[in-house]
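First comes the structure, then the notes that go with it.
None of the figures in this text is laboratory data; all of them are computed from the coordinates on show. Just so we're clear, the structure is a prediction, and the values are computed from it rather than from any experiment. Because the Cβ atoms are built from the backbone with ideal geometry, glycine has one as well, and the counts that use them run over all protein chains shown.
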Amino acid sequence: MRRAPLLPALIYMIVVTQIPFVVTLWYSFRGWNTLTPGSNRWVGLKEYQLVFTDPVFRSAIINTVVITGSAVILSMLLGTALAILLNRKFFGRGVVRTLLITPFLVMPVATALLYKTTVYDPIFGLLDWILSPFGVHHVNWIGSYATPSLIAVLVWEWTPFMMLIVLAGLQGESLESLEAARVDGANSVQTFLAITFPHLRRYIELGMLLGSIYLLQTFGEIFVLTQGGGGHGTATTNLPYYIYELAFQQFNVSEAAAAGVIVVIGTEIVATIALRLLSGLFAAAEGMS
Amino acid sequence: MTVRELHAPRRFRITRHRANGAFWSAITWLLAIILFFPVLWMVITSFKSEGSAYTDPPKIVFHPTLTQFSQVFSSGAGPPFLHSVFVSLVSVLLVLALALPAAYALAIRPVKRWRDTLFFFLSTKMLPYVAAIVPIYIIALHVGLLDNDWALVILYTGFNLPLAVWMIRSFFLEVPRELLEAARIDGGGLRVELTKVIMPIVAPGLAATALICVIFTWNEFFFAYFLTATKGPTVPIFLVSFLQSEGQYWARLSAAATAACLPVILAGWIAQKQLVRGLSLGALK
């Protein structure tokens, strides 16, 4: 009976995640396009074939890797730098910390909307104003540099997340080993490389894994900022946006379902590896704290 | 070496250290202000008139006005806020009701294979939501939950449940074993154990968990967009439709965005000590 209190939550999660998956699987073997009457019938693996031969699908995979990868790496670099700066006693530290976590709290579609208008606008935007002394004028940021514009927004959003995780790592660092290094005459760079960084590695891995889990799902920012490509093309069409276009722009319900099944299987493979890493990291984190 | 000789360079090192410290503090402040600036700019712009929002270079000195906020709320922001409040509150209550007993079974009296169960919960967070949107849309259509707050309540509960189970479990683990043993020996039963021993210790943790769940539900866009777009939009959907209809009115747009973000920014500031714990699923303090 020990299991009884666990069952409601367990059953809830199984129902909420597995029923939609079974329905997706069902539609993926049909040829349903809501615009074509009579298309809702069994077609076997045809939709899968369509997805695999679609060049947009392949570029969506690459875009997903590029967008997620660069946002995770850049926000981790910036977040680590900020965490190191914050891990000192100085005037107004609490206020600075509060200011720094705020970008993560701003509603993602509000962030995208603000960057699209007040920051990236070619004429009245803040970026144009800041860069005008350097001879940069009236650049159509989103249209000409869709992917970097999007990644910059994502990095801005996710830097606080990385910073908080690395900061937790820095604060868990044992002072004795640092003191010992200082007595041995190591300078701060040497101390960082020899003691702090190896200790931080686990936290950095944890932050990057969790960050990737969330960033792979990026949709709202792309929807508002670039509509998948900065006006034209598919430069920022990641997998979520690709499936959205199939289902809600082209009304290819079954092709979207097939793409969904492929993405789920791909995610499961990546997730199994990530979970194995994570379980080691969590065990280590619990041991440390 | 005399005592004096030993001390002199050390004092020198301290002053140099202080100057260095001031330099890095200034850098930290500067970076914080730069990163915070877009948020600050949103708030500043929301108090501008449309005329002063659209200038090159951007205006810093202007007459503040509240017109934009009243415009936003007279153009239909009320109902979306009510939808968002309802969905967030109900789904958070549901999450706590489901996660509390589950966390108890995973921490205080662990079931067999508790680790596998814990990782099952986590693995559901990794599923791509987008793969489920088509069937969820079709199911919602068939059972009449399209444009209904309950569809979002059900989904957001599923969203936050894994996070809440992990987080609450980590708070349960902090309840000292000896206290639990003592309560058991006193024979108070489960009710006493829960209300007198566990609750007082985990209550702040539960509050933090609830706040973090609210942050995620309030900001959610993807499901809300497809399931409630026409009749019962939540705040993020309202904001995006605002961009489409009034995109050239920056001051009004900023006012709408400020109002939309404020509740969650406040919740996050209040819960900031627990934020890292929530984000790392209870692994880090």
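Using only Cα atoms, figure out Rg for the range A:85-234 and give it as a multiple of 2.2 N^0.38 Å. Working shown, then result.
Numbers: Rg = 19.7 Å, N = 150, 2.2 N^0.38 = 14.8 Å.
In units of the 2.2 N^0.38 Å rule of thumb, it is 1.33.
Checking a compactness column here: for chain B, what do you get for Rg(Cα) / (2.2 N^0.38 Å), N being the number of residues? Mind dumping the intermediate values first?
On the way: Rg = 25.4 Å, N = 285, 2.2 N^0.38 = 18.8 Å.
Dividing the Cα radius of gyration by 2.2 N^0.38 Å gives 1.35.
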Expected max-MSF residue from A:T111, A:T196, A:T68 in the GNM of chain A (alpha carbon, under 10 Å) is A:T196
Given the alpha-carbon gyration tensor of the range A:71-159, what are the semi-axes of its equivalent ellipsoid in whole angstrom, ordered largest first, with each equal to the square root of 5 times an eigenvalue? 27, 15, 13
Count, for each residue of B:29-40, the Cβ atoms from other chains sitting within 10 Å of its Cβ, then give me the mean as a whole number. 6
Per residue, how big is the convex hull around the C-alpha atoms of the range B:244-285? Give it to me in cubic angstrom, could you? 83
Lys and Arg at +1, Asp and Glu at -1: neighbours of A:S28 with Cβ under 15 Å from its Cβ sum to 0
Over the range B:120-258, the quotient of the Cα radius of gyration and 2.2 N^0.38 Å is 1.45
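Semi-axes of the range A:201-258's equivalent ellipsoid from the Cα gyration tensor, sqrt of 5 times each eigenvalue, largest first, rounded to whole Å? List each step's numbers first, then the result.
Details: eigenvalues 151, 44, 11 Å².
The three semi-axes for the range A:201-258 are 27, 15, 8 Å.
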Just to confirm the number: angle between the C-alpha axis of helix A:55-86 and the first principal axis of chain A, 0 to 90 degrees, nearest 10? 20
Kirkwood hydrodynamic radius over Cα pairs of the range A:14-58, then Stokes diffusion coefficient at 37 °C and 0.692 mPa s, in µm²/s: 278
Does anyone have the angle between helix A:197-215 and the longest principal axis of chain A? Alpha-carbon axes, 0 to 90°, nearest 10? 30
Largest first, please: the extent of the C-alpha atoms of chain A along each principal axis, to the nearest Å. 79, 68, 31
Could you compute the FRET efficiency for A:T98 and A:I62, with r as their C-beta to C-beta distance and R0 at 35 Å, rounded to 0.05? 0.40
Helix axis angle, A:239-248 relative to chain A longest principal axis, alpha carbon, degrees: 30
Residue-averaged 222 nm ellipticity for the protein assembly as shown, from DSSP H runs of 4+ at -39500 (n - 2.57), nearest 500: -23500 deg cm²/dmol
Hey, could you grab the Kirkwood Rh for the range A:9-83? Inverse mean 1/r over distinct alpha carbon pairs, Å, one decimal. 16.1
Among B:A259, B:A107, B:A183, the residue with the largest mean-square fluctuation in a Gaussian network model of chain B built from Cα contacts under 10 Å is B:A183
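Using the Cα gyration tensor of the protein assembly as shown, with a ≥ b ≥ c the square roots of its eigenvalues, what is the shape: rounded (a/c below 1.5), prolate (a/b larger than b/c) or oblate (neither)?
In terms of gyration-tensor shape, oblate.
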DSSP H segments from chain B that extend 27 Å or more along their own axis, Cα-based, with Kyte-Doolittle mean of 0.5 or above: B:3-46, B:78-107, B:149-172, B:199-219, B:250-270
Pairs of alpha-carbon atoms within less than 8 angstrom and 6+ residues apart define the contacts here; what relative contact order does the range B:139-216 have, in percent? 34
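Assuming a ≥ b ≥ c are the square roots of the Cα gyration tensor eigenvalues, decide whether the range B:213-285 counts as rounded (a/c under 1.5), prolate (otherwise, with a/b larger than b/c) or oblate.
oblate
Can you give the mean number of other chain Cβ atoms that lie within 10 Å of the Cβ atoms in peptide B:259-271?
Details: counts 1, 5, 7, 2, 2, 4, 7, 1, 1, 7, 4, 0, 1.
The mean count of partner-chain Cβ atoms within 10 Å per residue comes to 3.
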Taking springs between alpha-carbon atoms closer than 10 angstrom, which of B:L239, B:L266, B:L179 fluctuates most in the Gaussian network model of chain B? B:L179
Using amide H atoms built 1.01 Å from N in the peptide plane, name the residues 5+ places from A:R30, or on other chains, whose amide H lies under 5 Å from its own. A:V43
Based on the alpha carbons, how large is the Rg to Rh ratio for the range B:127-204 when Rh follows Kirkwood? 1.25
For the range A:116-187, divide the Cα radius of gyration by the Kirkwood radius and give the resulting Rg/Rh value with two decimals. 1.32
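Test of the criteria: in the range B:165-238, which chymotrypsin sites (Phe, Trp or Tyr not before Pro) are in a DSSP loop and have at most 10 other Cβ atoms within 10 angstrom of their Cβ?
Values: sites: B:W166, B:F171, B:F172, B:F216, B:W218, B:F221, B:F222, B:F223, B:Y225, B:F226, B:F238; in loops: B:F221.
Hits after loop and neighbour filter: nothing returned.
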